[in-house]
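First up is the structure itself, then whatever we jot down about it.
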Amino acid sequence: MNSLEFTYFRIEKENRISYRVFYSFLYVMFIIYAFILLTALAFDYNYSYVTIQGTSMQPTLNKNPVLSGDGSSFQDAVYLKHTKDVDYGDIIVIQVPQENDESYSIIKRVIAKENDYITIVKLPIVMENGVTEWQYRVVRKISGSSEVEVLQEDYIKSYEEWSLWDGNGYLDTGMIVNNEVKYTNLMEYEPSFFANYIENNECTKLKFAYSGNTYQAYFFKVGQDKFSKECNQIFFMGDNRTGSTDARMTGTRGEDMIIGKVVKIIHDAVNDRNLILNINVSFNKVFSFFEIIWNEILSYFSFPS
């Protein structure tokens, strides 16, 4: 073989190798593209990225909101998983139809479920400085449990601000002393809860212990009111109790009205004041996207995340 023939076959071989590398590259890129496309489609089917408006979930969401031109408040966003399977404390988006908008939805926190007993009353809370203040607390008895628990919700905006609301008393409830109700310590119910649940329903008197004393109050059984038509009722409230329109006013709603639950919060997702911050938010959004996918993969193969 002369040098000319050798050069020809060498070039031909290099060309074949180049073609194989090129087509292999295209094949790998196609696989990657198909994987990303299928993943994105599956993600869009099971999740949503939602920008949060309003201040009803402060301080958890929109702690320092950006005001838009129409006066709306925006700041944070969430990844929402489309599911009806929610638990106590989950933040959910749920439909609460309005006269002019049947698809109107709000974002709140799950407080109680169907057949749970719930009330909201003022209790004597000993502050860090030793002073006792009467503050609202949610008291709940979960269905199937014998324990009546006073919820200590460290996520709400302000017990002090909420407790400035004047409550409503009920004559045969209060502190129990020597197995008798001491009427000088009446239960003071949260006004909106009292008006919409205690006053208009046949509620159940339950005893519960708190801070060394025993109290008796009226409890509403979630799902018992005749106005609730959907099954598996949910009682939900915003973390900003003095600035939230929730189940206290709208009534409970059925699980079928739940759009989804929050699985990831992206803080400062709406911010046009700082370019570096916007880049960081974009990174957090993408990182959270892949984190959710990874958790789904682990969940699919039954690995703990």
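The values are calculated or read from the model by the stated rules, or taken from the named source; none is laboratory data. The structure presented is a predicted model; accordingly, all values stated were derived computationally and were not measured. Note: areas computed on protein heavy atoms with side chains; ligands, DNA, RNA excluded. Shrake-Rupley method; radii C 1.70, N 1.55, O 1.52, S 1.80 Å.
For the reader, a short list of remarks on this structure follows.
- Measuring only protein heavy atoms, the 1.4 Å probe finds residue 242 accessible over about 40 Å².
- For residue 49 and residue 231, the difference between the fully extended length at 0.36 nm per residue and the C-alpha to C-alpha distance is 62.8 nm.
- Couplings 3J(HN,Hα) of the range 143-149, computed from phi: 4, x, 9, 9, 8, 9, 10 Hz, in residue order, whole Hz [Karplus 6.51 cos²θ - 1.76 cosθ + 1.60, θ = phi - 60°; x for Gly and Pro].
- Per-residue extension of 0.36 nm, minus the Cα-Cα distance of residue 127 and residue 209, leaves a gain of 27.7 nm for this segment.
- Residue-wise HN-Hα coupling along the range 188-196, computed from phi with Karplus coefficients 6.51, -1.76, 1.60 (Hz; x: Gly, Pro): 10, 7, 4, x, 5, 5, 4, 5, 9
- Each residue of the range 103-115 was assigned a 3J(HN,Hα) from its phi angle through the Karplus expression (A = 6.51, B = -1.76, C = 1.60, θ = phi - 60°), giving 9, 4, 10, 9, 10, 9, 10, 6, 10, 8, 10, 3, 6 Hz with x at Gly and Pro.
- The portion of the accessible surface of the range 183-255 made up by carbon and sulfur, rounded to a whole percent, is 45 (1.4 Å probe; DNA, RNA and ligands excluded).
- Taking a straight Cα-Cα cut-off under 16 Å and skipping sequence neighbours fewer than 8 places away in the same chain, the aspartates and glutamates within cross-link reach of residue 141 are 87, 114, 116, 149, 153.
- Contour minus Cα-Cα distance for residue 286 and residue 23 (0.36 nm per residue): 91.7 nm
- Whether the range 97-165 is rounded, prolate or oblate, judged on the alpha carbon gyration tensor where a/c under 1.5 counts as rounded: oblate
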